[in-house]
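The values are calculated or read from the model by the stated rules, or taken from the named source; none is laboratory data. Nothing here was measured: the structure is a model prediction, and the numbers come from that model. As a convention, Cβ positions derive from the backbone with ideal geometry for all residues, glycine included, and neighbour counts pool all protein chains shown.
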Amino acid sequence: MTDSHQKENYTICFYSDAKGYGGAEKYLLYLADGLASSGRICCFVNNSANSSFSSSINTKFTNFQVVIKSDKYYEARHYNQIYRILKNVRPDIFHYNLPGPYSCSILVPIVAKLAGVKKVITTEHLPMIQWWRKPAILKRISSYFIDGVITVSIANKAYLLGRHHTPENKIIVVENGVDVHHFAMGKHIAERVRLRKKYNFTESDVVFGVVGRLEEQKGHIYALQALSKIHKHYPSIKLIFFGEGTLLDYLKTKAVALGVEHKVTFAGFQKEMGPAYACIDVLLMPSLFEGLPLALLEAMSMGKPAIASAIHGIPEVIENYRNGILVQVGNLDEISNAMIKITESGSRKFLEDISEKAYETIISRFSSQNMICKTDMLNKKLLHHV
């Protein structure tokens, strides 16, 4: 096999230390699926404690599970196990997701280089480490061992340049993408009927869905508070939460306290999100912080417009009142007014228009194929500069 052919058919090892199963983890699976379909050899070094994510890997890829876990960045046995795995696998590329949010793996890029990996690439989804904290210092040190930095939004590129002083020549913006054939407008119609019946939604109800872990970041509390301001005047509004997390009991209690428990459904974790998006009319994303969320792209791909916080990468997708509605974080008046705008009977044409524009936005700019091709090109470019 020629050297150039070897570089075309490289081996890439993905690393994850995810505490949950969210958009960043789905991103890795999208990439691995796409690159494997193009003939690349993909495997995972998985330090995740999340069984749903681990089982998703195991069904498709070789998965080297890190048994020794630690929340301490100085845990030598943890790094030694990763070193031995990489030394055995000998990948051409080590792709490290969310570098730095969890201190137990912040120095993994150094371990990868010591194990003989040719190129180390990271994907930065959103600001997760402030420059004045100890992890930021370790992150800065580990960055010298990183060859390429993928960031999913222009906003986060500016953050990397300004806060972490990441060399600009190492950064490439590769926007997230989704499977536009699976998450297609008009798909899962039968599932929409089934789920709306299951959750006691009528076709005249306007269902707003919040997708994501039940954690503070996702802003579920703002959805409940906004609903409490308007539900008596707009009885057709319903709210459904897809996801699980530590705030489940708190949010249920809060719904009762706000008098909206009869308007809110807690649907739990959904392994398959297509039917869930089909069930709703509008995605509600009142998050405190995000990168370029896959849930937003998936919903829009199915023609479901979003009311979303105007933070980080989201305004790079949503053009206000054209393909969705942007609101300020935690601004209950803006959130509730946006819900009213979509719900009022005279706004049916408005909802149809922004739904169509939402779909067109994803088809033209945010397909998973675009994301995979750009990442593959970066991988090959780096390997040709060994």
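A few points about this structure:
- Members of the stretch 255-270 found to be without any contact (Cβ under 8 Å) to a residue 12 or more places away in the chain and either exposed (fewer than 13 other Cβ atoms within 10 Å of the Cβ) or β-branched (Val, Ile, Thr) (or both), listed by number: Val256, Ala257, His262
- Subset of the stretch 256-281 [within 27 Å of Pro127 (Cβ to Cβ) and aliphatic (A, V, I, L, M)]: Met273
- Residues in the stretch 209-251 that are in contact with a Leu (Cβ under 8 Å, 6 or more places away or on another chain), assigned to a helix (DSSP H, G or I) and of a type in the set (Ser, Thr, Tyr): Tyr222, Ser228.
- For the stretch 145-172, filtered to residues that are closer than 18 Å to Asn97 by Cα and assigned to a loop (DSSP other than H, G, I, E, B), the residue that is modelled with the lowest pLDDT is His164.
- Candidate set from the stretch 316-350 (those that are in contact (Cβ under 8 Å) with a residue 60 or more places away in the chain and touching a strand residue (DSSP E or B) at 6+ places or on another chain (Cβ under 7 Å)); member that is nearest to Val206 (Cα to Cα): Thr343
- Just one residue in the set Lys218, Lys252 is of a type outside the set (S, T, N, Q) and surrounded by fewer than 17 Cβ atoms within 10 Å (Cβ to Cβ); that residue is Lys252.
- Set Ala184, Ala190: member being more than 22 Å from Pro286 (Cα to Cα) and under 23 Å from the mean Cα position of the chain (by Cα): Ala184
- Gly116 passes every criterion in (1) surrounded by 15 or more Cβ atoms within 10 Å (Cβ to Cβ); (2) modelled with pLDDT of 90 or more; (3) part of a loop (DSSP other than H, G, I, E, B) apart from (1).
- Qualifying residues in the stretch 221-236 (those that are surrounded by fewer than 22 Cβ atoms within 10 Å (Cβ to Cβ) and of a type in the set (A, V, I, L, M, F, W, C)) - the one farthest from the chain's Cα centre (by Cα): Ile230
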